[in-house]
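The values are calculated or read from the model by the stated rules, or taken from the named source; none is laboratory data. Just so you know, these numbers come straight off a predicted model, no measurement behind them. Note that we place each Cβ from the backbone using ideal geometry, even for glycine, and neighbour counts take in every protein chain shown. Each accessible area value is taken on the protein alone, full model and side chains, heavy atoms only, with ligands, DNA and RNA left out. Shrake-Rupley method; radii C 1.70, N 1.55, O 1.52, S 1.80 Å.
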Amino acid sequence: MVVAQENAVANGSRKLLPQEIADTLRDRIRTGALKTGDRLPTQAELAEEFGVERGTVRQALRALQDDGLLSNVSKGSPPRIAEPHPVRGEPQPAMAGLAPRLAEAFAAPHVRIDAACLTAETLMLALGEPVRLIHEGRIRPASIEVRLLLPAHDIDLAFPVPVGGHREGDPVRQRWLDQRNAQVRVLRHNLQTLRSTHDIDVDVTFRALPFTPPVKLYLLNGTEALIAYYTLTKREEEVEGRALEMYDALGAKSLLFPFESRTGGRDAAFVDQSQRWFDALWDTITTDLTLS
């Protein structure tokens, strides 16, 4: 499974977070590696696979249960993959809602994806679905253009940030920067590989925002906009061997609200204005993204 393996590479040797394990399992469900009715491995097996404690696995499974992705959750046996109940037009968690929309967008002959977000994690993982469909020969766009806006490496982030504010050698900021850079590299690699394997014209470019985006925005082929709010939470995480309290946003769980031009009215106006907002940022105050 390409994306899950690349995600492991991106995370390196550090301990995975419950959110990251949940995201990897979501990706396996999304790509069909885990199908409806399949039983998950045991907590012990998952803990061994991901190199974490069982408590971390339990937190990841609870997150999947909260998203309605697991059924028959009990202490006696591993849960099963739940029957999906997607409702088009209704908001879904960002990680679950973006992949099917991208798969539809990639069915077009010329694909254009614009995104503005805090990290590339959600987009990187969600792109696994259309990439899989391309490798299976089920879709084959002639060209793919992806433009991504992310915070610059040298700004003071609004979040994630340690409780108490910025400090010299801030490990929370460095962790964000390392993740941002790794995710960008994986995303670019996964898409550019399609140029050599399927002779698809691929153009992936990045620019840096001079501020922390309060929302994540995805624009698909100029006809659909999906937006989610970053809701901040106070949480504790082990960073560089010590527990740190921080203000952070779990973007994968944010509800993704879809708007489509074809429905007309306010939806069409929102898509149009969102595209104008993105294009204006791209052409004015953003700069080349530095991977440092």
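Couple of notes before you dig in:
- Zone of residue 110's modelled label, taken as backbone nitrogen in the range 192-211 under 19 Å from a point 7 Å along Cα→Cβ: 195, 199-205
- Estimated Rh, the range 116-221: Kirkwood, alpha-carbon pairs, angstrom: 15.2
- Taken over the alpha carbons of the range 203-292 as equal point scatterers, the Debye sum produces base-10 log I(q)/I(0) values at 0.20, 0.21, 0.23 Å⁻¹ of -1.07, -1.11, -1.18.
- Computed [θ] at 222 nm, helices only, for the chain once each DSSP H run of length n ≥ 4 contributes -39500 (n - 2.57): -13000 deg cm²/dmol
- With DNA, RNA and ligands ignored, accessible area of residue 29 (1.4 Å probe; Å², nearest 10): 40
- Rounded accessible area per residue of the range 210-284, 1.4 Å, Å²: 54
- Across all C-alpha atoms in the chain, the radius of gyration and Dmax reach 18.9, 57 Å.
- Here the accessible area of the chain is 49 percent carbon and sulfur, with a 1.4 angstrom probe and all protein chains present.
- Probe 1.4 Å - accessible area at residue 135, Å² to nearest ten: 90
- Per residue, in Å², the accessible surface of the range 107-207 once ligands and nucleic acids are set aside, probe 1.4 Å: 39
- Listed residue (184, 59, 81) projecting farthest to the positive dipole end of the chain, Cβ model: 81
- Size of electric dipole in the chain: Cβ of Lys, Arg +1 and of Asp, Glu -1, about Cα centre, debye, nearest 20: 560
- Hydrophobic, long helices, defined as DSSP H runs whose alpha-carbon span along the helix axis is 15 Å or greater and whose mean Kyte-Doolittle value is at least 0.0, occur in the chain at 94-105.
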